[in-house]
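Notes follow once the structure below has been shown.
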Amino acid sequence: MDKSLIVGLLQNVAILLAFTLIYDIVWESEKKFRSRANKVYAGLIIGAVGVLLMNTPWTLSPGLVFDTRTVLLVNAGLFFGPFATIIAAIVIGIYRFFMGGSGVWMGIATIITSASVGILWKMYRPSWRKRNYMVDLVIVSFLAHFCMFLSIFLVKGEAVRANTFQTMTLPILVIYPLFAILVGRLLINRMNNHKVKEELEVSEARYDSFVNRNSDMMFMKDENGKYIVVNDMFCKMAGKTREQLIGLTDLQVYDKSHSNRYIVTDNEVITTGDIVIFEELFNGKITETTKFPINLGKNKLGVGAIIRDVTVKHKKRELQEVLLYLSRLSLVDQELKIFIEKIHFHMKKVIKADNFYIALYDKEKDKYKFPYYVDEYDTVDDIENYSLHNSLTDFVRMTGKGMLINSQTEKEIAEQFPLESVGEYSPVWLGAPLMDSSLKEVIGVAAVQDYHDEEAYTEEDLMLFEIFANTIGIFIERITMLNRLKEAKESAEQGNRLKTAFLANMSHEIRTPLNGIIGFSEMLSEDIENREHREYAQIINTSAHRLLSTINDIMDIAKIESGQVSVIKENFDVLLTLRETYYFFKKQNLKVDLKLALPKNKSIDVLSDKIKIQQIITNLLNNAIKFTPEGFIEIGCIDEGETVQLYVKDTGIGISEEDKERIFERFAQVESNGRRVYGGTGLGLSIVKEYVGLLGGEMWLESEVGKGSQFSFRLKKSAN
Ligand code: ADP
């Protein structure tokens, strides 16, 4: 084979290689703008390359030149599509036509056939590049050059044609197809490169939007704890740029306390291969970090993290807790200052409240007092008397509305209301009225303010603050009410003491002459002969007795009421006391039989107030005598072991169910048909009940109308 043929072919191949670059430059890179014009442009360039090829040919004989235009065109058809290829074929064809010579028709035929084979192959096997493209490349290349081989028949002149067959058959059927395959391979490679690049771009765009258009913060660290990926949110939160983070470790980025925690959790992730979740305060926000192991390849483990801002979630949870706290807050038995301190403590969890005060308004003085005042800068010296005219506090009190004041709203208010600033200026202020429970009157103002951050409060905070203010308002009103009640009670007690002293005095003044009346009327009734006059004296005597007993009852009640009854306890034999009382009454010639029912014991000792027990029994006996027209009355005692039960039983008129409770009330008497039938004050039983209570026992009553009654109570025996 002629050496110059190889040289010519190599020259051509160089040009063809340059051609593959065109693919890069005009075709793949401009994919998005692959317009008609672009295709024409590509066609013309390919045409130009063809012309170039034809100018570095191998000449077999004058007018018969060989170059690799077929390689160019078949690949143009395969990769650039019909439009550009046809344009290129036309350019190359015309050029060949004007070159003329014996090979002109063969030359034009090879142009048409190779371009057509490429175009048709691409049209009918559009996805040939996807699978086993080498097989396709081999077939197409061979087919195109087989056509070239056939076109040798078009060479003019018998001898020339024969020479051509002889010289060119082998190169055309072997070397040319090989070049075509080579160029095709190159183009496919380039194409795949482009595809990979594109895919990479797409995946990068996806990755970027996934990582950076995300409200969560993310980062990735390599096996040495150096940041290799950080997203925008993370940079923003950390207050650093990407450059300030990438390639650095936590030790270089954060202070020790933070970086230590990060390093510890990183190690935990890497050693356990597990997820680690922790919460922390990070630049004023509460964050929840989830760390997980990341396979970095080559047996290396790094750490990935997703950090979420959970401040709002936290705030909500805390808010619920605080509201629950408020709803359960006991308003009883608390001091105002301590109460507000507690509220303040909880309020701080949900509202910035480093500066918080309560101003209570005194209507009469038109002044404020500050029962609570916590402030970074200001103090109040005269806690009691503050005139706050033209202040925001005063404004809120007058309007009765909660307000969020910043420099903007302050200006607006200042246009209608002459505002004067009090104390250190703060850029934001939150005030809420303290209402009384009828929600009609403003009793004061609660306020918080922040000196450092104008954005410290939102409208939501205002609402929240009003809830706190309402709770405080209700509490303050309650306290005021309780204080008033206490005062009223004290003055009532004072009055009572005076009354008792008066009564005690009076009773002495009454009882002394009454005793005179009783004594002398008794003497008279014994001495007077005249029966009628004697009866008069006796009436005077019983009346005086009744009067005395009434006065005694009233005195007892007065003493009970004013809490002046004292119990004097001693050890005594209760059986003896009952006997004494029995004999005292037995002497009095009663209409009914009086019995005494005692247990067999010689004595029963109790630790109690002897006089009171005597009074109780006497009162019960007096009632029994009064309400028992016939039958008997019994004073009794039952030994119950630890305790002893005393009772007075009668066979009198009895007491109906509905009256049983009532008769122990003061001044209560059973009426029949709305009329009082028996004399008395209705105080006896209430005194009895009170005394039994004072002695630590309880009174009970069994009774049936028409059959009789039994009043009983129990005493503890003395321990010996
Ligand atoms: P007073 O006897 O001065 O009216 P009390 O408080 O001692 O006042 O008694 C209240 C009322 O209870 C009496 O008016 C009477 O109606 C009823 N009562 C008290 N003891 C008896 C009794 N032993 N039998 C029936 N009724 C009684």
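Computed from the coordinates by the stated procedures, all read-outs in this text should not be read as laboratory data. None of the values given here were measured: they were computed from a predicted structure. With ideal geometry, Cβ positions are generated from the backbone for all residues, glycine too; neighbour counts draw on all protein chains shown.
Using R₀ = 56 Å, calculate the FRET efficiency as 1/(1 + (r/R₀)^6) where r is the Cβ-Cβ separation of residue 236 and residue 380; round to 0.05. Present the calculation step by step, with values, prior to reporting the outcome.
On the way: r = 42 Å, r/R0 = 0.74.
Efficiency computed from Cβ-Cβ geometry: 0.85.
Computed on segment 570-716, with alpha-carbon pairs under 8 angstrom and 6+ residues apart, the relative contact order is 24 percent. Please find the FRET efficiency linking residue 539 to residue 438, where r is the Cβ-Cβ separation and R0 is fixed at 56 Å, and quote it to the nearest 0.05. After rounding, the FRET efficiency stands at 0.35. Stretched out straight at 0.36 nm per residue, the stretch from residue 642 to residue 21 would grow longer than its current Cα-Cα span by 211.6 nm. Along its first, second and third principal axes, ordered by size, segment 319-491 spans 51, 39, 29 Å in Cα coordinates.
Roughly speaking, what is the stretch gain from residue 409 to residue 7, that is 0.36 nm per residue apart minus the C-alpha to C-alpha distance, in nm to one decimal?
Values: separation 402, 0.36 × 402 = 144.72 nm, distance 8.95 nm.
Gain on stretching residue 409 to residue 7: 135.8 nm.
Here the Karplus curve 6.51 cos²θ - 1.76 cosθ + 1.60, taken at θ = phi - 60°, turns the phi angles of segment 464-478 into couplings of 4, 5, 5, 4, 4, 4, 4, 4, 5, x, 4, 5, 4, 4, 4 Hz, with x standing for Gly and Pro.
For the chain, the longest principal axis of the Cα atoms and the long axis of helix 336-350 meet at an angle of about 20 degrees. Each of 525, 229, 563 was scored by the projection of its Cα onto the charge dipole of the chain, and the greatest displacement toward the positive side belongs to 229; charges sit on the C-beta of Lys, Arg, Asp and Glu. Note on the chain: helix-only mean residue ellipticity at 222 nm, from DSSP H runs of 4+ residues weighted -39500 (n - 2.57) and normalised by residue number, equals -18500 deg cm²/dmol.
A viscosity of 0.692 mPa s and a temperature of 37 °C, combined with the Kirkwood radius over C-alpha pairs in the Stokes-Einstein formula, give segment 217-309 a diffusion coefficient of 250 µm²/s. For segment 539-639, applying the loop criterion from DSSP together with a ceiling of 15 other beta carbons within 10 Å to the trypsin sites (Lys or Arg not before Pro) yields 569, 587, 591, 600, 602. When the chymotrypsin sites (Phe, Trp or Tyr not before Pro) in segment 607-706 are filtered for DSSP coil states and for at most 13 other beta-carbon atoms within 10 Å of their beta-carbon, the remaining sites are 667, 678.
Amide H to amide H, with H built 1.01 Å from N, residue 367 comes under 5 Å of 362, counting only residues 5 or more places away or on other chains. Considering the zone a paramagnetic label at residue 481 would reach in this model (a point 7 Å from Cα along the Cα-to-Cβ line), which residues of segment 443-471 have amide N under 20 Å from it? The answer is 443-445, 467-471, whose backbone nitrogens lie closer than 20 Å to the label point.
Rounded to the nearest 10 degrees, the inclination of helix 311-328 to the longest alpha-carbon principal axis of the chain is 10 degrees.
The simple Förster model, with R0 at 22 Å and r as the Cβ-Cβ distance, assigns residue 135 and residue 206 a FRET efficiency of 0.05.
Quick one: check the C-alpha center-to-center distance for segment 353-420 versus segment 227-299, whole angstrom. After rounding, the separation between the Cα centres reads 46 Å. Compute the acute angle (0 to 90°) between the alpha-carbon long axis of helix 3-22 and the principal axis of greatest extent of the alpha-carbon atoms of the chain; round to the nearest 10°. Rounded to the nearest ten degrees, it is 30.
What is the dipole size for segment 570-716, taken about its Cα centre, with +1 at each Lys and Arg Cβ and -1 at each Asp and Glu Cβ, in debye to the nearest 20? Could the numbers behind the result be given before it?
Numbers: 20 positive and 22 negative charges, 110 e Å.
For this selection, approximately 520 debye.
The charge dipole of the chain, taken about its Cα centre with unit charges on the Cβ of Lys, Arg, Asp and Glu (plus for the first two, minus for the last two), comes to roughly 4900 debye.
May I ask for the Rg/Rh ratio of segment 358-397, computed from Cα atoms with Rh as the Kirkwood radius, given to two decimals? Could the numbers behind the result be given before it?
Numbers: Rg = 9.9 Å, Rh = 10.5 Å.
Using only Cα positions, Rg/Rh for segment 358-397 is 0.94.
Provide the convex hull volume over Cα atoms per residue for the chain, in Å³.
Numbers: hull volume 278.4 nm³, N = 720.
Expressed per residue, the convex hull around the Cα atoms of the chain is 387 Å³.
Per the Cauchy relation, a quarter of the hull surface: what is the mean projected area of the convex hull of the alpha carbons in segment 3-198, in nm²? Please list the in-between numbers first.
Values: hull surface 40.2 nm².
Mean projected area of the Cα convex hull: 10.1 nm².
When restricted to Cα atoms, segment 122-223 yields an Rg and a Dmax of 24.6, 83 Å, respectively. Sites listed here are GluC sites (Glu not before Pro) in segment 188-253 whose DSSP assignment is loop and whose Cβ has at most 16 other Cβ atoms within 10 Å: 223.
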